Amino acid sequence: MTAMFEINTLLVGLLLVDFVLLGASRLGTSVRQVAAQGALLSLLTLAEHAGWGAPWRVWLLALGSGVVKAVVFPYFLRRALREADVRREMAPYVGFTASVLVGVAALAASLWLASRLPLPGPVPSPLLVPVSLFTVLVGMFLLVSRRKALTQVVGYLVVENGVFCFGLALPEDAPLPVEVGILLDIFAAVFIMGIMIYQISREFDDIDTGRLTSLRDEAS
């Protein structure tokens, strides 16, 4: 019962972070929320595998993902934020209030889909699958509804966090090298994206991806 309470508490924390991301206009807030999401996922990994009594493989995955998601990724994002010298998402394609309303609809859709999704085995919490699906949907929505490149990187990380969370509901037969390899792939992608953000801000004095669209149109 205590373990179930801890897992549900962490999942509710992930849910709240998703809604904060949907309503956040400050880029620094988005970066901090992604860091908090990484820390919650690290704790969730331990909570689902007997906590302090978890095997070394689980500890290694939890600590590795926690360091990468809660420390390394946010460091690169904050550095890109300083280099780009921007603070807010000023004119998103979808407003922040409307984004939260879209999030409510996405949560309802996630709950409905999770109730009909066949799983290979029992899950540690009935909230795990819907929260995972909701997190993926929030990340995808941030990717298509925001103009700043850095916010889109945040959306990419949120999608990956949702996939990682969903993976905790699957059987424990995935080898550790595969899981570590996924984290390394994400690390490389975020590193490359950080370089791209710096280059965009240096050339255009802004990280609005809409400027790239207009440049493409002019070139064609």
- request: Please indicate, with yes or no, whether at least one residue in segment 56-67 is basic (Lys, Arg) and closer than 18 Å to SER42 by Cβ.
  value: yes
- prompt: Among the listed residues PHE73, PHE19, which satisfies the condition of being within 14 Å of the chain's Cα centre (by Cα), modelled with pLDDT under 85 and closer than 28 Å to VAL102 by Cα?
  reply: PHE73
task: Would you be able to say whether some residue in segment 73-81 is surrounded by fewer than 15 Cβ atoms within 10 Å (Cβ to Cβ), touching a helix residue (DSSP H, G or I) at 6+ places or on another chain (Cβ under 6 Å) and closer than 21 Å to LEU15 by Cα?
output: no
- request: Tally the residues that are in contact with a Ser or Thr (Cβ under 8 Å, 6 or more places away or on another chain), of a type outside the set (A, V, I, L, M, F, W, C) and in a helix (DSSP H, G or I), restricting the search to segment 70-104.
  value: 2
Residue ID - surrounded by the most Cβ atoms within 10 Å (Cβ to Cβ), chosen from residues in segment 31-44 that are among the polar types (S, T, N, Q) and modelled with pLDDT of 90 or more: GLN37
query: Which ones in segment 83-135 are surrounded by 15 or more Cβ atoms within 10 Å (Cβ to Cβ), modelled with pLDDT under 85 and among the aliphatic types (A, V, I, L, M)?
result: ALA84, VAL86, VAL123
query: Only one of (1) exposed (fewer than 13 other Cβ atoms within 10 Å of the Cβ); (2) closer than 20 Å to LEU44 by Cβ fails for GLY139. Which number is that?
result: (1)
message: I'd like the full set of residues that are part of a helix (DSSP H, G or I), in contact (Cβ under 8 Å) with a residue 40 or more places away in the chain and not basic (Lys, Arg), limited to segment 13-32.
response: LEU14, LEU15, ASP18, PHE19, LEU21, LEU22, GLY23, LEU27, GLY28, SER30, VAL31
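The values are calculated or read from the model by the stated rules, or taken from the named source; none is laboratory data. These numbers were taken from a predicted model, which means no experiment stands behind them. Neighbour counts run over all protein chains shown; Cβ positions are idealised from the backbone, glycine included.
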